[in-house]
Amino acid sequence: MESTVKRQWILEGLDCANCAMKIENRVSKMEGVASCSVNFATKTLTMETDGSFPETGISQVEKTVTSLEPHVRLLEKKTPGVAAVSRPHVLDEGARESGHADDHGAAHAHGHTHEGEEGRAHGHSNSHGEGETRRTVLRLAVGAALAAAGYLIPSGGYWELTLFLLAYLAAGGNVVLQAVRNIARGQVFDENFLMALATIGAFAIGQYPEGVAVMLFYQVGELFQGLAVNRSRRSITALMDIRPETARLRTGDEMNIISPDRVNIGDIIVVQPGEKVPLDGTVIEGSAMMDTSALTGESVPRSAEPGSAVLSGFINKNGVIAVKVTQTFAESAVSKILELVQNASNNKAKTENFITRFARGYTPVVVITAALLAVVPPLLISGATFSDWIYRALVFLVISCPCALVVSIPLGFFGGIGAASRSGILIKGSNYLEALNDVKTVVFDKTGTLTKGQFKVTAIYPAEGMTEDELLRLAAYAESHSSHPIAESIVAAYGRSIAGNAVADYNEISGHGIRAAIEGRTVLAGNARLMEREGIAFRQPDGAGTIVHLAVDGQYAGSLVIADEVKEDAARAIAALRKVGVNKTVMLTGDASSVAQDVGKRLGVGEIHAELLPQDKVEQIERLESGKTGREKIAFVGDGINDTPVLARADVGIAMGGLGSDAAIEAADIVIMTDEPSKIASAIGIARRTRAIVWQNILFALGIKAVFLLLGAFGIATMWEAVFSDVGVTVLAVLNSMRALRAPAAAD
């Protein structure tokens, strides 16, 4: 598979979802671009390039964006694991002057305008800083006053036309100017063109008051739409405001405040009350209570004391602690979370892709229909006048822009992903969020997923001629090189140091156990399959738990019983899944059948398969896949490296404790940061709420537009209603999308 390079920019000044869609579509067609995504909510352009990407490719991307949106600046985004762009791409003054107006200038291709280099807004911006909002309101007030004066004087005179024309230029001159500029760049079918054509057409047929009033109403609607989008962006930004800005580095007796990315592994940092932990590490001095809600969604503070692991993004509530850093900033928990959530828009839901395709063809079709509506009926219908049907066609034009859809749908999905992250659930894309709606089967790994993975030796059964201490010692030596939780529990139970040169010829047998030479003797430690494979007669002890059998020089030496504790919310998780419509739960484990049956029955799992090798788990997933019907999806929930093949194979892979397992977080589509299986039902609840909001917007926007298109065609709707069906519906849809940010954190 050919390797790709990921590149990212901030599109400073991007304030229009329709423009984001056009940039994404154009850049994705460039040579060497494997994929391209523009996140309207975070103003981020992300693209992956392959080996055919030319050396001049970055300049071509800049030119492509400039040709579509001259006011937008491309700024390098420094993200861990993403290729750095050689320089900030800032358009020169000439480009900006030729393509965009100054402070008093134009709205862009969606009726909005943009922030300038010093943070000034051009015309009408979604940023809506206090000064710009004041200027916009003043401009609209002047237009309204002039229009009122035009209403008061006798109609039909020269002064009436003059006053209404001045009112029109004050209220909508920037829209007309931007429409002319867009036409010069080959961009005809945008909202500026439609509004300019409709209102100038109203003047042409003598409807001066209506032309001015519609432009005023439109601009007021755009102002509110911009404020609504900006509020939504601020809400999303607040969710992501977990990145620490500084770190207190302790060097000897000195304390220096530096950027977290300058701290190295092994350095000592000090975290004071009220401060965020800047990097992942282990507490070596002091104790404190940690607010972990920003990362895990847990409302109860967590205790941190010497030996405790803390993650970047935790907030120190009370004490002073010293932390030994274990991860660089680029690899810290907070960086991984931010990268996952911010890049989630790269994986779009089918609904988003449908809206993109729909919007691309919708406006031209409506414009052509409007042209036919203006020309054909007066030629075919006796008594029909061109002025009447031209007016109806102008109403048609005003309705035609699909703003409500292209703005609100991405915001809805991004809001759902943001709400999930606030609940400790990382979803890597809106396609996975959408897929959760169709999950009918959830398959669990056992150890570390439904159980804590914290094993303890609960019983020792030596064979004749072997003592308990000797059996435990041999088992500890045999397992001393393994990082498996069961091995670690045996070493912990032994509790004494193990000589490094005592173990030789160590060999781990996948799915069976370990063979090693200890003090000149060949020791086997593993499950019943290992004993059967080696032809050693063994005894199966009573009691639930994982059984580790030992043999020395081909003779059975005894067994150890290791028990794992079930997670507190595991049973609640299975019950919650049934409540949200999951009709089948399955547990797959490599553990002994007796242990699996005991755990599964206690939790209420519907189907249990034990003593499986990693490849057997994949086969079980494929068996379940073959039995699916319609749009049903299968989710697999696992926690570690051995689960990565199954996580990748399932329709939706969910990693438990992903922050501790790089392989799992890489293979999974969703990461549960709190290790709580009950969060799976919460994720499904969030997905369903998000889907409901998205489809509410789709049906509301299309329904209102369909009604007003018919009313306009029959001469019932005026331009007033047409403008409401455009900007009014968009404002309502954006406000509705913001509800996704408040999605429930738990499924009751």
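Selection of segment 557-581 for residues being crowded, with 18+ Cβ neighbours inside 10 Å, within 29 Å of the chain's Cα centre (by Cα) and not β-branched (Val, Ile, Thr) yields LYS567, ALA570, ALA573, ALA576, LEU577. Do we have THR674 as among the hydroxyl-bearing types (Ser, Thr, Tyr) and part of a loop (DSSP other than H, G, I, E, B) here? When the stated conditions are applied, THR674 passes them. Any residue in segment 361-380 that's in the same structural domain as ALA722 (by TED's automatic domain parsing): show its pairings with residues that are surrounded by fewer than 19 Cβ atoms within 10 Å (Cβ to Cβ) and among the polar types (S, T, N, Q) at Cβ separation under 8 Å, as long as the two are six or more apart or on different chains. From residues that are in the same structural domain as ALA722 (by TED's automatic domain parsing), the pairs are PRO378/THR385.
Restricting attention to segment 175-205, the residues that are surrounded by fewer than 17 Cβ atoms within 10 Å (Cβ to Cβ) and either of a type in the set (A, V, I, L, M) or without any contact (Cβ under 8 Å) to a residue 40 or more places away in the chain (or both) total 9. All of (1) out of contact with any Pro (no Cβ under 9 Å at 6 or more places or on another chain); (2) farther than 21 Å from TYR556 by Cβ hold for SER510 with one exception: (1). Checking the stated criteria, GLY448 turns out to be at pLDDT below 85 and either over 14 Å from ALA683 (Cβ atoms) or among the acidic types (Asp, Glu) (or both). Taking each residue of segment 558-575 that is closer than 16 Å to ASP598 by Cα and looking for partners that are assigned to a helix (DSSP H, G or I) with beta-carbon atoms closer than 6 Å, six or more apart or interchain, yields ILE562/ILE486; ILE562/SER489; ALA570/LEU603; ALA571/LEU603; ILE574/LEU603.
Pairs meeting the criteria (first residue in segment 316-338 and modelled with pLDDT under 90, second residue aromatic (Phe, Trp, Tyr), beta carbons under 7 Å, at least 6 apart or on different chains) are SER335/PHE329.
For segment 365-407, a tally of residues being more than 29 Å from LEU732 (Cβ to Cβ) and aliphatic (A, V, I, L, M) returns 10. The residues in segment 17-49 that are modelled with pLDDT under 80, over 17 Å from LEU405 (Cβ atoms) and in a helix (DSSP H, G or I) can be counted, and the count is 0. The set of residues in segment 535-552 that are of a type in the set (A, V, I, L, M) and at pLDDT 90 or above comprises ILE536, ALA537, VAL548, LEU550, ALA551, VAL552. From the list VAL523, VAL439, VAL457, the one residue that fits, being out of contact with any helix residue (DSSP H, G or I) (no Cβ under 6 Å at 6 or more places or on another chain), surrounded by 15 or more Cβ atoms within 10 Å (Cβ to Cβ), touching a residue at least 40 places away in the same chain (Cβ under 8 Å) and not charged (D, E, K, R), is VAL439. Checking THR363, THR351 one by one, the residue that is modelled with pLDDT under 75 and hydroxyl-bearing (Ser, Thr, Tyr) is THR363 and no other. Screening SER489, SER482 for residues that are assigned by TED's automatic domain parsing to the domain that holds ILE547, in contact (Cβ under 8 Å) with a residue 12 or more places away in the chain and in a loop (DSSP other than H, G, I, E, B) leaves exactly one candidate, SER482. Checked against (1) buried (at least 24 other Cβ atoms within 10 Å of the Cβ); (2) of a type outside the set (Phe, Trp, Tyr); (3) more than 30 Å from VAL671 (Cβ to Cβ), PRO410 meets all criteria but (3). Applying the criterion of being among the small types (Gly, Ala, Ser) and assigned to a loop (DSSP other than H, G, I, E, B) to the residues of segment 238-290, the residue that is surrounded by the most Cβ atoms within 10 Å (Cβ to Cβ) is GLY286. Among the residues of segment 153-174, are any modelled with pLDDT under 80 and buried (at least 22 other Cβ atoms within 10 Å of the Cβ)? Scanning segment 153-174 turns up no residue that is modelled with pLDDT under 80 and buried (at least 22 other Cβ atoms within 10 Å of the Cβ). I'd like to check something: does segment 390-405 contain any residue that is over 25 Å from the mean Cα position of the chain (by Cα), farther than 30 Å from PHE354 by Cα, in a helix (DSSP H, G or I) and of a type in the set (A, V, I, L, M, F, W, C)? There is at least one residue in segment 390-405 that is over 25 Å from the mean Cα position of the chain (by Cα), farther than 30 Å from PHE354 by Cα, in a helix (DSSP H, G or I) and of a type in the set (A, V, I, L, M, F, W, C).
If you go through segment 670-681 and keep only what is among the charged types (D, E, K, R) and surrounded by fewer than 24 Cβ atoms within 10 Å (Cβ to Cβ), you end up with ASP675, GLU676.
Do we find that LEU380 is modelled with pLDDT of 75 or more and surrounded by fewer than 23 Cβ atoms within 10 Å (Cβ to Cβ) in this structure? In short, yes.
Filtered by the rule that a residue be crowded, with 17+ Cβ neighbours inside 10 Å, over 25 Å from ASN527 (Cα atoms) and in contact with a helix residue (DSSP H, G or I) (Cβ under 8 Å, 6 or more places away or on another chain), segment 585-632 gives a lone residue, THR585. Close Cβ contacts (under 8 Å, 6 or more residues apart or on different chains) running from residues in segment 505-518 that are outside any strand (DSSP E or B) to residues that are surrounded by fewer than 20 Cβ atoms within 10 Å (Cβ to Cβ) and among the hydrophobic types (A, V, I, L, M, F, W, C) comprise SER510/LEU613; GLY511/LEU613.
The values are calculated or read from the model by the stated rules, or taken from the named source; none is laboratory data. These numbers come from a predicted model, not from an experiment. Methodologically, a virtual Cβ is constructed for each residue, glycine included, from the backbone with ideal geometry; neighbour enumeration extends over all protein chains shown.
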